[in-house]
Amino acid sequence: MELTLCHLYPELMNLYGDRGNVIALSRRCQWRGIRITIEPRTLGDEVDLSSYDIIFIGGGQDREQRLICSDFRFKKGASLKEAIESGCVVLAICGGYQLLGRAYITLEKEEIQGIGALDLVTYAGDRRMIGNVVIESRVDGLTGTIVGFENHSGRTYLGDGLSPLGKVLRGYGNNGEDGTEGVSYRNTFGTYLHGSLLPKNPTFTDHLIRLALLRKYGETEITPLDDALEQAAHREAIRIAGEVS
Amino acid sequence: MKRLLFFAALYISKILIRFLRLTGRGGSTLPGRVARRVYPGILRELAAQPRAVAIVTGTNGKTTTSTILARILRETGQSVVHNSSGANLLSGVTTSLVSFSNLRGEITADVAVLEVDEATVPIVLDEVPAKVVLVTNFFRDQLDRYGELEYSVSAVKRGLSKLGPDAKAVLNADDPIVASLGEGLSAETVYYGIDDPRLLHKNRSHASDVKHCGGCGAPLEYDGYFYAHLGWYRCERCASRRPWPHLAAENVELRGGEGTTFSVKGHGGRMTLPGLYNLYNAMAALGAAVTLGASIDAALGAIESFESAFGRMERLSVQGRKVFMALAKNPTGFNQVLSTLFRDGTNAPYLMIAINDRIADGKDVSWLWDVDFEVLADKQLEFVVVSGLRAYDMAVRLKYAGVSAGKISVEPGLPAAFTKAIASTPQGETLTVLPTYTAMLELRQYLVRKGYTKAW
Ligand SMILES: [Zn+2]
């Protein structure tokens, strides 16, 4: 079996160790004998994103985010929207997550269009939400805790038809108000959590791999791995998040 | 009345400094803040007294660079005052100058070398008539505390624009963001850098941040990288390029933990501080010293005799084993330490890594994923003990870097981890310890208590 992962704008959108997510996905495939190819795609590349099994996009600083904004909207946006609708596995962190939505409203009330794949809107805030996060997910196949670290001033609100990735147990989440964190839509996941996210949440990583294999091969079983160390780090992260708040 | 307030501020502040020191609390903020409250002009008056003030700023290497600079100037016969690394904000700088002044309110030193936080540079330059502003580099560093890189860059840029034509900006030619600060300045610019194409790599390391032209925003083309985004670059769109350095290190031989040899304009240099990043620190200090009138030979002589700043790196001996401890506080620093230790031929098979997530370390440990620990995977690593408050994060990072699980042991408590690592290191061999900032402080406390080293 083999999977192809598209890493969008790896040079520009890698703010909080985001490449750790790609490392986690590729290692956990390799350890199971699943061949995985990573293809970086950046500014200007014309690309049919639905042909990929997994698409990853991280967060960027303001300047980088502005640089990719028009490329994302006018070059890759339509293709990514199509990929999301066709059940492609997509993971978007922080800035990448915001860009999947309808718009980002700056403090000056300027409206920056997203690709509009998901019915969510982000408002710039003047307060940064920073710290350890624990959420509880009820997404099918992904129930349980997810841990990470957040650092964002944008406040994201989901439209009525959308489910969050999870409920906030510790931290701020989407907006620090409604107790939701992230988004889950078809096989697409958006979240503010980095840390990096996937290495300490092996269940989440495996869920993404399983969804990708299911879409490509109709295969649902994957070989279990020894996760003692990852699980210990996960439990430790929950303990630390509990201590700090 | 002005005189009276000046002396009131000076004495209150001096008494506070003395009091805080006696009660063991140190603290460099309060005395300066109080002094400024009593007499807002105090920093301006004190800073006008030395013959020259040199300001050192940038993300990495401020402390090492300013310490080397102070040393060069002293060895050329000048009297120098130099603030400590913890005092690089406005009130801290004020505290330092108060403590440098005598009871008559005079600073008799020839030169003041001031390490200043990037964001504080424009505010300090409003009051301090700097002869030289030295900028080392710009890296992403502990984002959760300082906000974004552009903020630091624009602050330093704003500061430099305040310099008059008799001041000089000493800039790193190999860092495109630092180099672009030189454009349009009324102050003269002096560039330093590395001119040795043998050290250029074709590939950029993952921790690199900056890839776009400061002039037009187009992606920069690199002939090669020295490390991270430092290298030989040019912009295809607006034809701006790496400035030719006035002072460059040539014929560079990196000898791992042994140090580095190099030459500047035909004068041979040697330093015991290892790694390219320390060569940049030395060249930055040399650039500023030469700008202030030192000769290249005198500067190289002082650099050669320089050991290390504040135990950022230290060697000790514990129960018949050698211990080499080097601070590893952010991706760039960590990558530099790793590439110094694991260069061809050199090796560090007995390893301890300690990661804390206290405020001084950065609360967010995501940066561990930006460090190229993959270099450890194919090396002859005997063991790695991971420790600190974020020991498990580090252990997972190493596992995903390809270090076999059998070689990783997790021991969050620092003394226990150190004891275990020492016991596992054969007699006569070297244990390498790489801690984050507060892990280093904690570990040093333990080592001092055990009598293996002295308190700073
Ligand atoms: Zn340009």
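Please treat every number below as a calculation from the coordinates, not as lab data. All figures in this text were calculated on a predicted structure; none of them were measured in a lab. Neighbour counts are summed over all protein chains in view; Cβ atoms, including those assigned to glycine, are modelled from backbone coordinates with ideal geometry.
On a 0 to 90° scale, report how tilted helix B:2-22 is relative to the longest principal axis of chain B, with both axes built from alpha carbons and the result rounded to the nearest 10.
20
Tell me which GluC sites (Glu not before Pro) from the range B:48-116 have a DSSP coil assignment and no more than 16 other beta carbons within 10 Å of their own. Working shown, then result.
Numbers: sites: B:Glu75, B:Glu106, B:Glu115; in loops: B:Glu106.
Qualifying residues, ordered by number: B:Glu106.
Using alpha carbons only, how many degrees (0 to 90, rounded to 10) separate the axis of helix B:62-75 from the longest principal axis of chain B?
It is inclined by approximately 60 degrees.
Tell me which lysines have Cα within less than 23 Å of B:Lys168's Cα, excluding those fewer than 8 residues away on the same chain?
Reachable lysines: B:Lys62, B:Lys131, B:Lys157, B:Lys265.
Give me the net charge for the shell around A:Val90: Cβ to Cβ below 13 angstrom, other residues only, Lys and Arg +1, Asp and Glu -1.
Summing Lys and Arg as +1 and Asp and Glu as -1 gives +1.
What's the magnitude of the charge dipole for the range B:333-456 around its Cα centre, counting Lys and Arg as +1 and Asp and Glu as -1 at the beta-carbon? Answer in Debye, nearest 20.
I would put it at about 480 debye.
Roughly how crowded by other chains is peptide B:396-409, in terms of the mean Cβ count from those chains within 10 Å of each of its Cβ atoms?
3
Shielding by partners for B:347-357, please: the mean number of other protein chain Cβ atoms within 10 Å of each residue's Cβ.
That works out to 0 on average.
Give the separation of the Cα centroids, the range B:272-294 to the range B:91-138, in Å.
20
Normalised by the number of residues in the range A:129-245, what is the relative contact order in percent for Cα pairs under 8 Å and 6+ residues apart?
25
Whole angstrom only: what separates the Cα centroid of the range A:19-41 from the Cα centroid of the range B:227-249?
Cα centres, the range A:19-41 to the range B:227-249: 35 Å.
Could you grab the relative contact order for chain B? Cα pairs under 8 Å, six or more apart, rounded to a whole percent.
Value for chain B: 12 percent.
Tell me the mean residue ellipticity at 222 nm calculated for the protein assembly as shown from its helices only (DSSP H runs of n ≥ 4, each -39500 (n - 2.57), averaged over every residue, nearest 500).
-10000 deg cm²/dmol
Across the residues of A:9-17, average count of Cβ atoms on other protein chains within 10 Å? Intermediate results must be reported in sequence, preceding the final value.
Working: counts 0, 1, 7, 3, 0, 7, 6, 9, 12.
That works out to 5 on average.
About its Cα centre, how strong a charge dipole does the range B:2-304 have in debye, to the nearest 20, once Lys and Arg get +1 and Asp and Glu get -1 at the Cβ?
Taking the Cα centre of the range B:2-304 as origin, the dipole is about 1100 debye.
Please identify, among A:Asp226, A:Asp126, A:Asp178, the residue showing maximal mean-square fluctuation in a Gaussian network model of chain A using a 10 angstrom Cα cutoff.
Among A:Asp226, A:Asp126, A:Asp178, the largest mean-square fluctuation in the Gaussian network model of chain A belongs to A:Asp226.
Relative to the longest principal axis of chain B, what angle (0 to 90°, nearest 10) does the C-alpha long axis of helix B:29-38 take?
Once rounded, the angle reads 10 degrees.
Which of the GluC sites (Glu not before Pro) found in the range A:204-236 are in a DSSP loop and have at most 11 neighbouring Cβ atoms, other than their own, within 10 Å?
A:Glu221
Please identify the trypsin sites (Lys or Arg not before Pro) of the range B:421-455 that satisfy two criteria: DSSP loop assignment and at most 16 other Cβ atoms within 10 Å. Which are they? Numbers along the way, then the final one.
Numbers: sites: B:Arg444, B:Arg449, B:Lys450, B:Lys454; in loops: B:Lys450, B:Lys454.
Filter output for the range B:421-455: B:Lys450, B:Lys454.
Normalised by the residues of chain A, what does the relative contact order come to in percent, with Cα pairs under 8 Å and at least six apart?
Relative CO of chain A lands at 19 percent.
Give the separation of the Cα centroids, the range B:340-401 to the range A:63-98, in Å.
When both Cα centres are located, 33 Å separates them.
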